[in-house]
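Below is one structure, written out as structure tokens; the observations come after it.
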Amino acid sequence: MKTLFLSIALSSSLFAETFVVETTKKLSKQELQSIASIKGVKSAERFLPFGQGYLERLYEVEASDKNALKVLGSHELVKLIEADHDVDFFEIRSNDKTSMDVDDILYPLQWGLRNQAQVTSAQMPNGGPEEKIGKDGQDIDWFETIDSIERSLKKTPAVAVIDMGIDFDHPELSEQIYKNEAECDNGVPQTGQMQDRDGNGLRGDCYGWNFASTSYLYDAHPFDDTGHGTHVSGIISAKRNNKLGVSGVSDKIKILPVKVTGMVDMQGETNKLKYKATSRRIAKGIFYAVHRGVDVINLSLGWPKTMNTRYLDMAIKNAVRNNVLVVAAAGNNNTNATIFPCAYREVVCVGSIDNDGEISRFSNYGGEVDILAPGDQIASTIPTAFIPLKLNVQGYDLKSGTSQAAPYVSAIAALIKGVYPGMDNNEVQRRIYDSALERTDDLKSTHGLIQLGRAMKLKQAPSVKPVFKQMSEAVFNPNNGKFRQLFLNFKNFGSQSEEVEVELSSLVEGVEIEQKYFKLKPFGPGSINAVPLRGVVTDKLAKNYFRYKVKVKSPNMKEREYIHELTLAQDLYAFEDKEVFPIQFNDKAHSLISFRREFSEEIENKRNQDDRPTRSNLMTIETPRGSAEPGFYLTYRLQGNEWKVFLFQMRNGKLVEAQREITLEDTYEVLTVQQMDFNYDGKIDYLIKSVASNDSQGLYIDYRYLNQDLSPLHPELPVVRMPYYKNTPDETPKTTKYIKTKLSNGKFLATPVYINQGPVPEIDQDQDPWLPKDNSILRRIYWLELDEEKSLYAYRTFMNRDFGDLVRDQFKNSVAPAISVNDTGVELIALKAQSEKDFQNGVVKGVFSFGLGFQRIAVESIFDGAQLSFTHLDYVKSSLVGNAIHPVQDLGQKQGNSFVGFLTSSTLNISHLYEGEERRYVYRLDTPYDSLVSYIASFDKNDRTYVFLETIDDILLLEGKDGYWSESRQDTTKFSFLPGKTMSDIFTPMLIKNSGELNPAIYMDTTLLSGNRIYTMAAYNGELIAPASLAVNLPTICGYEDRYCGLEKKDNHYGTFYCTSMNPFENPDGSSSYMALCKRQQNYEIVKLNISL
């Protein structure tokens, strides 16, 4: 059975309560009412009360079920339906010789304005503080130029800070608000009954607007409840020379606060919000800022590619059409990946540098990062009610991140527009880019550190540059290695150019460029031209990325070089060793893929920009143990609480739908479909587990066991029900083992044994009437006991009040003489992997730790549903307290258990237990710049041990022999916004074929965050490699599975919604393959790719 790893739950379900609907035209009241009257539609209203064109055709529709969504989608006035998505957000001392250019008391710490060799100190992930001494000139070129620039302003520039709000009463910011005077009363917000005096539909928007409001009382008050928005605003325009705290870049800039997120998102209370999903709030905020007439929009936030929508895209395009420059933070995960809004070609993307001029270790990087700005240990404002964490001055604190870098660029762009009113965005960008300092690393960003003074003085000139945005992946044909059609765009940000010469060169082994030299005709201002990027993969084991250099030269232009990196992936349908299984439906074809947009194969092959993968509605049947042909199922909810389940299995080279559909009544949700031998007859059976309810029995879990004919496995037990309450400990397929329950007819049923946190059930309580009940909620081993007569499961446990005494009594002689038996404790570690022999005998084994402190022994429990016994694992010398357990595979076919214990972020203890044997390992991470995050898997092969670990940025492979470890790494994509929340590529341990052997490997899935790509990292000749030959592009005609169905509890029950992923598929020989569900020429099919090294 496969184990799925991910760092955080991200809901990507197709169905959401509220949808953004684009119609074919502006709707009349009657037409809008026709949509609102669709059964299941709760409400339908305009997206925003103002705006023309696209905004006139944009509506919010709240629907209660999927049927309403289907009817809505077929409505003649509906052009496009998009779901909401949640988008989260992304010390220092002065030099003794610091010059006080201004009288703000914290100015000596503001190295971003003037770098005077300030010393910054930051805690490293796995070590003490790291100090960096600032370098002269590594700042934004501010203190000698700001006064003259402000004297040259011809208008008051305005920046919209679309963020978490602002502290209006902060003495540094109270006079900096960009007010809507028509909505103000004598310059301050209205009180009492708000009026919409300017007719924009937003009552009382004097100080901006709160799109993250939980009540109409807060709509017109974009207050900051996290400190993030206030910190960003202070960097832009905190008052200067007021003897208080900090100086902003310019206090002549006005701030329009637009609140789109805040504490309500961080605390997971979005149900209180009027607009629950952040993507919709951000889009509204951008449209609103443009409507208010700002010059620049600052977005110190972002969202992954899979959450990008047309309405967010249109919001950015609307800003560009109105000559509003959008500036965005690059993100803080040290990754080169497609992140929005940075990936939009029109957006200025900002990375961070430290005070020594090096790009910050946390900053995202690559060809999508346009410019760099100070982002490490930045002093700025926070709400005065907040307690500062790093400074001892109320209302001020230090923060680090690209969120702090972006406002420097926003402020400089605003000043350029203030000095040169009417200047278009192209020229503003040219001044920012071409005046920047030289880069210290050409790969990290397209341009270097922004320079205020130089940007203002830059003379008009041509400026032709490559545009790397939305050019993140090259798809190649594995048969000849050639790239699919791919173009590199060039744009002239400046004045008329002459002929432009372009030279391309590969910087990696195993990938070549066929055509390296180009001459482009002269560019007009703002014009775009392109050259084909004709690459060839020449080595099967070439890395799965392509790094290349672009040299651009032309008269009147400085010759420049740029470096860009693309990921590489094979064309799925050109893959050589593949099998295609057409899908055969029973009666009529089901809709198996939810397309974001429909793409033909011809369009797919010509496509030059990434598109979000589409979602598969087909779910994979879980195989808890053993192996089976891949099976799938589709669920469909009828009216009320009735569900249909359709099963599909491989038959004679096709994926065939079963002739019989299954109807579930009184059902809230289908939790999982599993396949294994449930009755011990050697044949595959099915289990459908669902949540149901009726008036007589209340809430319960239904277990439906079916044979291959989809008839009840045991006719006398068509459905087994388990009453379900809030504290009922639930079982999951991933952790479940089985005992062998004998039925009254002499047949058998595999019934679950599992670990969960829960209470002692009534039947297992001490029956002494004088003793109080054991009401503790602890980790316990549970099993489901079958009552055949009532067709009911009851959960049971042997870990009651008497359990500890039972263990102590048996092993009291094993306790060290200095320890009292009464002081010892019994700790449950885990259930052991269940061998085939134990499964057939109905035996489940658990591991406990018994003793005190470090004087502990390992104890094994043996349980068959009737008898419980214990044995001392005297060959185990490790202390297993606090360890997690994982299966470990000896490639010599032994099955074992890996006990993993983290001592610190840099030290790992591992014990591999086989029957009668323990293999112990210790690993210590020897770098202060990284730390261990999680254990993934381990394998034993001959005299070597392979351990896969997740660190902050990488997948780490340890290969051990004779007590020594060798290390090898591959980086992964992560994306974090709110503190403590990180989204990551999904990874799963697997085995891959290599010349008749099996090598340990990790399957990687990027479709959650940044791409359409799946690939594999594999152990090979002492290294962890990720070759292009194991990377595959999922075309838009193929769908990915909704893997996140089990990560949130439903409101109407406490059961867990399980699912398993389609990939990687485990073959009977233990190796893995890729599979994809695709729709080609209007027909559905499963494509299986047999991968190998």
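The values are calculated or read from the model by the stated rules, or taken from the named source; none is laboratory data. Predicted, not measured: the structure shown is a model, and the values here were computed from it. For neighbour counting, all protein chains shown are included, and Cβ atoms are generated from backbone atoms with ideal geometry for every residue, glycine included.
Points worth noting:
- Entry remark, the range 840-851: residues being more than 17 Å from Lys877 (Cβ to Cβ), in a strand (DSSP E or B) and among the hydrophobic types (A, V, I, L, M, F, W, C) number 1 in total.
- Residue under evaluation Gln138, criteria (1) over 18 Å from Ile359 (Cβ atoms); (2) in a loop (DSSP other than H, G, I, E, B); (3) not small (Gly, Ala, Ser), criterion not met: (1)
- Looking across Gly1070, Gly1011, one residue alone is surrounded by fewer than 23 Cβ atoms within 10 Å (Cβ to Cβ), at pLDDT below 90 and not in a strand (DSSP E or B). It is Gly1070.
- Some residue of the range 761-782 being within 23 Å of Arg625 (Cα to Cα) and surrounded by fewer than 20 Cβ atoms within 10 Å (Cβ to Cβ): no
- Test: residue in the range 974-987 that is β-branched (Val, Ile, Thr), crowded, with 24+ Cβ neighbours inside 10 Å and either at negative phi or modelled with pLDDT of 80 or more (or both): no
- Members of the range 476-499 that are in a loop (DSSP other than H, G, I, E, B), within 39 Å of the chain's Cα centre (by Cα) and under 30 Å from Glu427 (Cβ atoms): Leu486, Phe493, Gly494
- Residue satisfying all of: in the range 133-155; of a type in the set (D, E, K, R) and within 40 Å of the chain's Cα centre (by Cα); surrounded by the fewest Cβ atoms within 10 Å (Cβ to Cβ) among these: Asp136
- Residues in the range 214-234 that are assigned to a helix (DSSP H, G or I) and either modelled with pLDDT of 90 or more or surrounded by 22 or more Cβ atoms within 10 Å (Cβ to Cβ) (or both): His228, Gly229, Thr230, His231, Val232, Ser233, Gly234.
- Flag for Leu671 being modelled with pLDDT of 90 or more, part of a strand (DSSP E or B) and of a type outside the set (D, E, K, R): no
- Residues satisfying the stated conditions in the range 124-141, i.e. closer than 19 Å to Tyr107 by Cα and touching an Asp or Glu at 6+ places or on another chain (Cβ under 9 Å): Lys132, Ile133, Gly134, Lys135, Gln138
- Just so you know, in the range 41-65 the residues that are among the hydroxyl-bearing types (Ser, Thr, Tyr) and within 18 Å of Thr24 (Cα to Cα) include one that is surrounded by the fewest Cβ atoms within 10 Å (Cβ to Cβ), and it is Tyr54.
- Filter result (hydroxyl-bearing (Ser, Thr, Tyr), more than 31 Å from the chain's Cα centre (by Cα) and part of a loop (DSSP other than H, G, I, E, B)) within the range 369-420: Thr384, Tyr420
- Being surrounded by 16 or more Cβ atoms within 10 Å (Cβ to Cβ), touching an Asp or Glu at 6+ places or on another chain (Cβ under 9 Å) and within 16 Å of Arg560 (Cα to Cα) holds for only one residue in Ser472, Ser445, and it is Ser445.
- Residue-level analysis places Glu427 outside the set of residues that are at pLDDT below 95 and either surrounded by fewer than 23 Cβ atoms within 10 Å (Cβ to Cβ) or assigned to a helix (DSSP H, G or I) (or both).
- Residue tally, condition within 29 Å of Asp571 (Cα to Cα) and among the hydroxyl-bearing types (Ser, Thr, Tyr), over the range 447-483: 1
- The single condition from (1) modelled with pLDDT of 90 or more; (2) touching a Lys or Arg at 6+ places or on another chain (Cβ under 8 Å) that Thr335 fails is (1).
- Residue that is nearest to Thr735 (Cα to Cα), among those in the range 812-841 that are more than 38 Å from the chain's Cα centre (by Cα) and modelled with pLDDT of 90 or more: Asp838
- When the test is whether a residue is over 38 Å from the mean Cα position of the chain (by Cα), surrounded by 14 or more Cβ atoms within 10 Å (Cβ to Cβ) and assigned to a loop (DSSP other than H, G, I, E, B), Arg801 passes it.
- Condition check for Pro928: more than 30 Å from Ala329 (Cβ to Cβ) and modelled with pLDDT under 85: no
- Residue in the range 312-331 that is in the same structural domain as Val369 (by TED's automatic domain parsing), crowded, with 24+ Cβ neighbours inside 10 Å, assigned to a loop (DSSP other than H, G, I, E, B) and within 27 Å of the chain's Cα centre (by Cα) present: yes
- Note on the range 636-676: residues that are of a type outside the set (D, E, K, R), closer than 30 Å to Gly40 by Cα and out of contact with any Leu (no Cβ under 9 Å at 6 or more places or on another chain) amount to 7.
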